[in-house]
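See below for the structure under consideration.
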Amino acid sequence: MALSELSDRFRFILVRTSHSGNIGSAARAMRTMGFDGLSLVAPNRFPDPEATALAAGADDVLGQAEIHGDLVEALAGTTFALGLSARRRGVTLPELDPREGARQALAAARRGEKVALVFGNERTGLENDELSRCHAMVRIPSVDDFSSLNLSQAVQVVAYELRTVMLAEESTAADIQVPEEDVPADAEQVERFFEHLARTLDDIDFHKGRSPVTIMLRLRKLFLRARPDLRELRILHGILADAQRMAQLAGQDQNKSRT
């Protein structure tokens, strides 16, 4: 498969970017490594002349950048997401170095998947709820006493690692054709399942005083690790719908017994 075809399967997502210049610098970093899929989630200011100036000619990347209101919307259509974080978080995700993250991302792309590389705000990085929508976390192994990288520098590191593994495998990797039904469901489809799961747990009174947030984070981790395909999600939706129906019938029976 041509490098350009593989490159089209990657999307760099910048979340809540404060400085428009960093958007331009990130676009430049991407373009030098052959990537042009850029999505912006709630940027503070874009379009902006500073972004254009610091893109240094990567105007095509900026010109086709998608703008979204939230990360769930930006992840629609992707099936494998890696979240970049400078520090370890409370979210228990697999932690990868950039080279291993690039290998796993490339393997997903070769299977026909759409891959997202997610970068957080310059000051706070990705929040835990944003990281929880990713399948793994990539941590650049900087020194402990000065771990802060500029956003565009982090983008450059990841884009470089991706291109390095793509070039290394170009002459040896055979194309892998995966039946469409075996490709994992995309992020939007998985998010709809999580919403259905949360409603069902409420309907069957599952929590009983326990924290719904903690339980859902653990269930997110479980299902993101399993990476169900669309047919499997349909089965899970069916199970949840039946559980809701039975809970409704049980509630009706209780009401009748009281009257």
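Only one of Glu191, Glu181 is within 23 Å of the chain's Cα centre (by Cα), modelled with pLDDT under 90, outside any strand (DSSP E or B) and farther than 30 Å from Thr32 by Cα. Can you tell me which?
On the way: Glu191 fails: modelled with pLDDT under 90.
That would be Glu181, the only listed residue that is within 23 Å of the chain's Cα centre (by Cα), modelled with pLDDT under 90, outside any strand (DSSP E or B) and farther than 30 Å from Thr32 by Cα.
Let me confirm something: among Val61, Val41, which residue is out of contact with any His (no Cβ under 7 Å at 6 or more places or on another chain), at negative phi, of a type in the set (A, V, I, L, M) and assigned by the TED database to the domain that holds Val157? Lay out the reasoning, then the answer.
Working: Val41 fails: out of contact with any His (no Cβ under 7 Å at 6 or more places or on another chain).
Checking each option against the conditions leaves just Val61.
Which residues, counting only those in the stretch 135-152, are of a type outside the set (Gly, Ala, Ser) and either touching a Ser or Thr at 6+ places or on another chain (Cβ under 7 Å) or touching a residue at least 24 places away in the same chain (Cβ under 8 Å) (or both)?
If the condition is that a residue be of a type outside the set (Gly, Ala, Ser) and either touching a Ser or Thr at 6+ places or on another chain (Cβ under 7 Å) or touching a residue at least 24 places away in the same chain (Cβ under 8 Å) (or both), then His135, Met137, Val138, Arg139, Ile140, Pro141, Leu149, Asn150, Leu151 are the ones that fit.
State whether the residues of the stretch 111-125 include one that is touching a helix residue (DSSP H, G or I) at 6+ places or on another chain (Cβ under 7 Å), of a type in the set (D, E, K, R), part of a loop (DSSP other than H, G, I, E, B) and touching a residue at least 60 places away in the same chain (Cβ under 8 Å).
Yes, the stretch 111-125 contains at least one residue that is touching a helix residue (DSSP H, G or I) at 6+ places or on another chain (Cβ under 7 Å), of a type in the set (D, E, K, R), part of a loop (DSSP other than H, G, I, E, B) and touching a residue at least 60 places away in the same chain (Cβ under 8 Å).
I'd like the full set of residues that are at pLDDT below 95, among the basic types (Lys, Arg) and either under 9 Å from the mean Cα position of the chain (by Cα) or crowded, with 19+ Cβ neighbours inside 10 Å (or both), limited to the stretch 112-135.
The answer is Arg133, and nothing else.
Which residues, counting only those in the stretch 37-76, are among the acidic types (Asp, Glu), closer than 22 Å to Glu188 by Cβ and part of a loop (DSSP other than H, G, I, E, B)? It would help to see each step written out before you state the result.
Of all residues in the stretch 37-76, those among the acidic types (Asp, Glu) come to 48, 50, 59-60, 66, 70, 73.
Then keep just the ones that are closer than 22 Å to Glu188 by Cβ; that gives 66, 70, 73.
Hit for the stretch 37-76 is Asp70, nothing else.
Among the residues of the stretch 196-218, are any out of contact with any helix residue (DSSP H, G or I) (no Cβ under 6 Å at 6 or more places or on another chain), surrounded by 16 or more Cβ atoms within 10 Å (Cβ to Cβ), not in a loop (DSSP other than H, G, I, E, B) and not hydrophobic (A, V, I, L, M, F, W, C)?
no
The values are calculated or read from the model by the stated rules, or taken from the named source; none is laboratory data. Every value quoted in this text rests on a predicted model; they were computed, and no experiment measured them. Because the Cβ atoms are built from the backbone with ideal geometry, glycine has one as well, and the counts that use them run over all protein chains shown.
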